[in-house]
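Have a look at the structure below before the remarks.
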Amino acid sequence: MKYALKMGANPRHVLSALALAAVLLVLDRLTKLMVMGAVLPLPPPRRIPVLPFLDLVAVANRGVSFGLFNDHGLPAIVFVGISLAVTVFLLIWLCRGVSLWASLALGLVIGGALGNTLDRILLGAVFDFLDFHIAGWHWPAFNLADSGIVIGVALLLLDGVFDKTHKNKKHAQKESS
């Protein structure tokens, strides 16, 4: 079995990441269902002001993050396939062994990706509902899954930077000894 996947990961890290992914997936689904129930029955523009800078809205995102390529014309199944392929890649990365922080970051990205994929399967588009705005400028609507993806990617970048810094210090200490 020379082609078998090398499992170098700490099992606790993998389980923690998968648990975090599952929690994010459930919370994402619950928040979407709650907001759909509150916002969709409203007459247009289907907006509930929450804070002076935050509204709950109903946006069907057929594109990618933050509404990019929303008018592309591609069927949802294309994005489902891409998302599932990325999720498999992230699971392989997780199982090959990374730090606890990187594992948790991967869990956030995996959970977010699966949350949005579930929307595409069930609704044909991702349901976005958080609308942050200031002085007439609106950030593109997003959801909890999107937040998990962004936070997970940021943590992966930070882990990569600090892990390299830590390794470089160890290497410099060895050379000076």
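The values are calculated or read from the model by the stated rules, or taken from the named source; none is laboratory data. Everything numeric here is computed off the predicted structure, so don't read it as measured data. So basically every Cβ, Gly included, is an ideal-geometry build from the backbone, and we count neighbours across all protein chains shown. For the accessible areas, the whole protein counts, side chains as well, though only heavy atoms, and no ligand, DNA or RNA atoms are used. Shrake-Rupley method; radii C 1.70, N 1.55, O 1.52, S 1.80 Å.
Tabulated values for the structure
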| item | result |
| --- | --- |
| Any hit, segment 110-122, residues being at pLDDT below 95 and out of contact with any helix residue (DSSP H, G or I) (no Cβ under 6 Å at 6 or more places or on another chain) | no |
| Among (1) part of a helix (DSSP H, G or I); (2) touching a residue at least 60 places away in the same chain (Cβ under 8 Å) - the single one Val98 does not satisfy | (1) |
| Any chance Arg62 is open to solvent by 50 Å² or more (accessible area, probe 1.4 Å), touching a strand residue (DSSP E or B) at 6+ places or on another chain (Cβ under 6 Å), touching a residue at least 60 places away in the same chain (Cβ under 8 Å) and of a type outside the set (A, V, I, L, M) | no |
| Test for Leu33: is it part of a loop (DSSP other than H, G, I, E, B) and either surrounded by fewer than 16 Cβ atoms within 10 Å (Cβ to Cβ) or among the basic types (Lys, Arg) (or both) | no |
| Qualifying residue in segment 18-35 (condition: among the small types (Gly, Ala, Ser), free of Cβ contacts under 8 Å to residues at least 12 places away in the same chain and out of contact with any Cys (no Cβ under 8 Å at 6 or more places or on another chain)) | no |
| Scan of segment 36-59 for residues that are surrounded by fewer than 16 Cβ atoms within 10 Å (Cβ to Cβ), assigned to a helix (DSSP H, G or I) and in contact (Cβ under 8 Å) with a residue 40 or more places away in the chain, ordered by number | Met36 |
